[in-house]
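One structure below.
Laboratory data are not the source of any read-out in this text; all were calculated from the coordinates shown. All figures in this text were calculated on a predicted structure; none of them were measured in a lab. Ideal geometry is used to build each Cβ from the backbone, glycine not excepted, and the neighbour counts take in all protein chains shown.
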Amino acid sequence: MGSAKFIKSAVWPEDYPDTNRPEVALVGRSNAGKSTLLNAMTGGAKIAKISGTPGKTRLINFFDVGAHYRIVDLPGYGYAARQLDERKLWAEMTEKYFAQRENLGGILLICDVRREWTEEEDIVNKLAISRNIPFVCCLTKIDKLSRAESLKLFNTWIETSRLPKEVFFPVSALKNDGVQTVEDYIFKAWIKPATK
Ligand code: GDP
């Protein structure tokens, strides 16, 4: 994907950067492997380092990648310990971004392959559908499973989400397995058409 340059952090639309590039938004349950995947995609520890800084994990972080597009790292959801008002803030923050951002080119949902499709994943998918935004789901940490196990879980994700199999991309950021496939797909399907 090329190197990433941190642009800014924001909470509400008035603080977002300009809309001069198509954006790819990444969202997922905390600990799903979002930062690790971002690192693997951009070939450096910079994104994770910035996004993981105290105070930034709960903000929307914008990074320009190469000359053509931008990665938007949305805060993770599903912290069990978090209070209801915090979860409400997360929902409002992300929903506003998904609902209003005109240069949003696609949504990448990051899930730990060993977990399952829940209401939260469904909310993200429904937001994408409601605005006709392309949506894919990366199933991370496949290196933790045998081939047979990952195939079985892959099918469970398809069944429980009721989404076509093309939506799911199994990856291991640790082993750099499947990462290039997602990158190629995103570039071809989302970035290239938007930068023409
Ligand atoms: P985030 O909260 O979604 O940003 O998750 P992180 O990227 O910080 O990853 C959470 C934990 O999962 C860390 O301990 C990572 O090292 C681990 N992890 C992430 N991706 C992989 C992977 O592909 N394989 C394995 N085995 N571990 C991973």
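With a simple spin-label model that places each label point 7 Å from the Cα along the Cα-to-Cβ direction, the separation between LYS96 and THR160 comes to 3.1 nm.
Rg of the Cα atoms in the stretch 60-138, relative to 2.2 N^0.38 Å, amounts to 1.14. For the pair ARG131 and SER146, label points projected 7 Å from Cα toward Cβ lie 4.3 nm apart. Straightening the chain between ASP15 and HIS68 buys 17.0 nm, computed as 0.36 nm per residue apart minus the Cα-Cα spacing. Each residue of the stretch 161-171 was assigned a 3J(HN,Hα) from its phi angle through the Karplus curve 6.51 cos²θ - 1.76 cosθ + 1.60 (θ = phi - 60°); the sequence is 7, 6, 10, x, 4, 5, 6, 9, 10, x, 9 Hz, with glycine and proline shown as x. Here the scattering of the chain is modelled by Debye summation over its C-alpha atoms, one equal scatterer each and no solvent; at q = 0.11, 0.13, 0.16 Å⁻¹ the log10 of I(q)/I(0) is -0.45, -0.65, -1.03. Mean residue ellipticity, 222 nm, helices only, the chain: the sum of -39500 (n - 2.57) across DSSP H runs of n ≥ 4, divided by residue count and rounded to 500, is -10500 deg cm²/dmol.
Could you grab the relative contact order for the chain? Cα pairs under 8 Å, six or more apart, rounded to a whole percent. This gives 24 percent for the chain. Can you tell me what share of the DSSP beta bridges in the stretch 4-194 is antiparallel? A percent to the nearest 5 is fine. Counting DSSP beta bridges with both partners in the stretch 4-194, the antiparallel share is about 40 percent.
Taking other residues whose beta carbon is less than 10 angstrom from the beta carbon of ILE107, and scoring Lys, Arg as +1 and Asp, Glu as -1, yields 0.
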